[in-house]
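Just below is one structure, and these are the notes that go with it.
The values are calculated or read from the model by the stated rules, or taken from the named source; none is laboratory data. All figures in this text were calculated on a predicted structure; none of them were measured in a lab. Cβ coordinates were reconstructed from backbone atoms using ideal geometry, including for glycine residues, and neighbour counts include every protein chain displayed. For the accessible areas, the whole protein counts, side chains as well, though only heavy atoms, and no ligand, DNA or RNA atoms are used. Shrake-Rupley method; radii C 1.70, N 1.55, O 1.52, S 1.80 Å.
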Amino acid sequence: MTNNKYVLDWINEMAEMTRPDNIIWIDGTEEQAEALRAEACATGEMIKLNQDLLPGCYLHRTAVNDVARVEARTFICTPTKEEAGNINNWMAPEEMYAKLKKLYTGSMKGRTMYVIPYSMSIVGSPFAKYGIELTDSIYVVLNMLIMTRVGTDVLEALGDSADYIKGLHAKADLDENNRYITHFPQDNTIMSVNSGYGGNVLLGKKCFALRIASYLGRKEGWMAEHMLILGVTYPNGEKKYLTAAFPSACGKTNLAMLIPPKFYTEQGYKVECIGDDIAWLRVGEDGRLWAVNPENGFFGVAPGTNAQSNPNALASTMRDTIFTNVCHNLDNNTVWWEGLDNDPPKNALNWRGEVWDYTKYDKNDKVGTSGAHPNSRFTAMATNCPCLSEAYYKPEGVPVSAIVFGGRRAKTAPLVYQSTSWQHGAFVGSIMASETTAAAAGAVGVVRRDPMAMRPFVGYDMGEYFGHWLKMGTTIPNPPKIFHVNWFRTDADGHFIWPGFGDNMRVLAWILDRCEGKVGATMSPIGYLPLPEDICTEGLEGIDTETIRDLLSVDVDSWLEDVQNIRDFYAQIGDSVPATMHAELDALEARLLAAK
Ligand code: GTP
Ligand code: SPV
Ligand code: MN
């Protein structure tokens, strides 16, 4: 399929190490994909679902010990530890290569190695970057066919160049004690072994489009961020775009596809999706920041997705979708997950493939008793999404008016606030925190600092990454305004106060009005807050301006506690945290103390 010597030599080298029985090149044709689906069904790797109800849809179950990203086993292997920084796991490249070599050697004996040439963003576009993933998993091939642009045109676009990202994935024994997700930024190389779960093995996604790309972005003067991209169309036809960075399982897919409340749609407002997880951002010739979605599909959280919360996501999964670790309804050979509806299947297998008794469900032991795993996912083509924007197809992307940071905080963070400048906005991003979710292995619900929602995804030192944000600000003549939101404040009983989902439009409307200078704000120690009456509550039941006032309140004592926590976190990152960030933190503390 190619004469590219760099590609062929590397594949030979990897095949000599892993020793597959066959090597198959993935050409991007439907015929080949269909043959692979049939093969995966024959071996039990995938289950073909009811083709009348869910045409082109399949179910896959990962190993029980392999259901989420594994941050503790994810490494940035730069020549020095300083380059990877204190927040990333680091190992010297030679040492990691030696360790991996043992795990890969002979690991594909009796298996087939698939060669997947793929592009992140539109093939041939100026922002496109190419990768080749070698894998022994058909599931990975079929997911990559949805999540990225795969095929011979990628090899043609690459030509004789050595400028591509090498990715090697082997399932090996799925041994969690020998599971490694490793990145060698200097070598443009990603190596993943002993896993079969999405974020660990679809190497174009977090490994390339965030960890390697963030490293390249710093070198080349652009940014790779864990952000959705959406467009709002106004009644007069004008379009505005924003990006938002929320940690894993904190609402990016939902916000990206939101359907505004009636009050807005009746006036002619429309929201369209450009991307739900990753944005590559560059300064345009017009002096604005422009965003492209490098992906081609959605790898979305299934639980909680339903006809009310996210009808667009649900519609996206109705055809040509791969479901992973959801519940299998045996009565009609379809799928189910918690939060889909109030009608759990009575004759079903849980995400482990065991007979499932829905009456035993205990929300305090979701992993043990639920039908679908809390981090079960759907892989659906972007083009399936009813609200996909025309701008999705534009190689130059969209100009960004606002950047929104957000986390899952039961307390402290208000519904929305605005930073006072790019620099202050970058600081607001750097102090983000969120309760942990099932998207990564480990405890759930623990508040941890997650700067820019990128803690697990920065391919170099976190302090340097802050520095890159500050530096980018000086290169954008007309930068986006930066905001912070929190949909997850709870009342005394632990219930979410803000209705969220489609109603988040009410907050987006305020944000975009602020960008246009159309609405006022009050100054607080943390930044600009809306006047409660400026958040529209028309048509909202049980929420009035008083509730909004409460959602916008800034509790000085809990913020001062946060300041201490941020100081500790900055210290953990180390000396590379820019002095500007320390100065912003001191200034925040001083303003909070003055307000006490
Ligand atoms: P990743 O794919 O892991 O990066 O996740 P994501 O950021 O795209 O999160 P997603 O939109 O899939 O939402 C994750 C969970 O948060 C789901 O269970 C949603 O139902 C829930 N969620 C999303 N938006 C809201 C909201 O506005 N309010 C509340 N209460 N929950 C929300
Ligand atoms: C996330 O965890 O942020 C995801 C899913 O988007 S994964 O691809 O597993 O990283
Ligand atoms: Mn994500």
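Quick notes on this structure:
- Heavy atoms of the protein chains alone define the surface here; on that basis the chain has 37 Å² accessible area per residue at 1.4 Å probe size.
- Exceeding the 29 Å Cα-Cα cut-off - candidates Lys5/Lys219; Lys5/Lys48; Lys48/Lys205; Lys411/Lys471; Lys239/Lys262: Lys5/Lys48; Lys411/Lys471
- Efficiency of FRET between Asn3 and Ala72 - r from beta-carbon atoms, R0 56 angstrom, step 0.05: 0.85
- Positive dipole terminus of segment 78-192, leading residue within Leu155, Met120, Ser192 (C-beta point charges): Ser192
- Take the Cβ atoms of Lys262 and Tyr234, set R0 to 22 Å, and the FRET efficiency comes out at 0.85.
- Close amide H contacts of Ile165 (hydrogens built in the peptide plane, cut-off under 5 Å, sequence separation of 5 or more or a different chain): Tyr130, Gly131, Ile132.
- Hull volume per residue, based on the alpha-carbon atoms of segment 500-595 and their convex hull, is 140 Å³.
- For segment 351-463, the alpha-carbon coordinates run over 54, 37, 31 Å along the three principal axes, in decreasing order.
- The stretch between Ala92 and Thr490 holds 138.9 nm of extra length on full extension. This uses 0.36 nm per residue minus the Cα-Cα distance.
- Relative contact order for the chain, counting Cα pairs under 8 Å that sit 6 or more residues apart, in percent: 15 percent
- Amide H within-cut-off set for Ala433, under 5 Å, with H built and near neighbours excluded: Asp450
- Values of log10 I(q)/I(0) for the chain across q = 0.07, 0.08 Å⁻¹ run -0.40, -0.53, by the Debye formula with one identical scatterer at each alpha carbon and no solvent.
- Approximate spin-label separation Glu34-Asp163, in nm, with each point projected 7 Å along Cα-to-Cβ: 3.8 nm
- Share of carbon and sulfur in the accessible heavy-atom surface of the chain [1.4 Å probe, %]: 49 percent
- Cα-based convex hull volume of segment 172-268 per residue, rounded to whole Å³: 125 Å³
- Averaged over residues, the count of other Cβ atoms within 10 Å places the peptides 472-480, 369-377 in the sequence 369-377, 472-480, highest first.
- Hydrodynamic radius (Kirkwood) for segment 298-382, which is based on Cα pairs only, to one decimal in Å: 12.7 Å
- For Leu388, the residues whose amide H sits under 5 Å from its own are Cys273, ignoring neighbours fewer than 5 places away on the same chain, with H placed 1.01 Å from N.
- When the charge dipole of the chain is built from unit charges on Cβ atoms (+1 for Lys and Arg, -1 for Asp and Glu) and taken about the Cα centre, the candidate among Val335, Gly106, Leu585 whose Cα reaches farthest toward its positive end is Gly106.
- In sequence order, calculated HN-Hα J values of segment 372-381 (Karplus, 6.51, -1.76, 1.60; Hz; x Gly/Pro): 9, 5, x, 9, 5, 9, 10, 10, 10, 5
- Residue-span extension gain [Ala410 to Asp187] - 0.36 nm each, minus C-alpha spacing: 76.1 nm
- Calculated FRET efficiency for the pair Arg591/Glu516, C-beta based, R₀ 30 Å, to 0.05: 0.65
- Modelled spin-label separation between Arg567 and Glu546, with each label point placed 7 Å from Cα along the Cα-to-Cβ direction: 3.8 nm.
- Put simply, when 219-225, 15-21, 488-494 are sorted by average Cβ atoms within 10 angstrom per residue, most first, you get 219-225, 15-21, 488-494.
- Placing +1 on each Lys and Arg Cβ and -1 on each Asp and Glu Cβ, with no other charges, gives segment 298-382 a dipole about its Cα centre of roughly 160 debye.
- Spin-label pair Asn342-Glu156: with each label point 7 Å from Cα along the Cα-Cβ axis, the two points sit 5.5 nm from one another.
- Solvent-accessible area of Arg149 with every protein chain in place, 1.4 Å probe, in Å² to the nearest 10: 40 Å²
- Put simply, the C-alpha atoms of segment 1-133 give a gyration tensor, and the ellipsoid matching it has half-axes of 30, 21, 19 Å, longest first.
- Taking the helices alone, the chain has a mean residue ellipticity at 222 nm of -8000 deg cm²/dmol, built from -39,500 (n - 2.57) per DSSP H run of at least 4 residues and averaged over all its residues.
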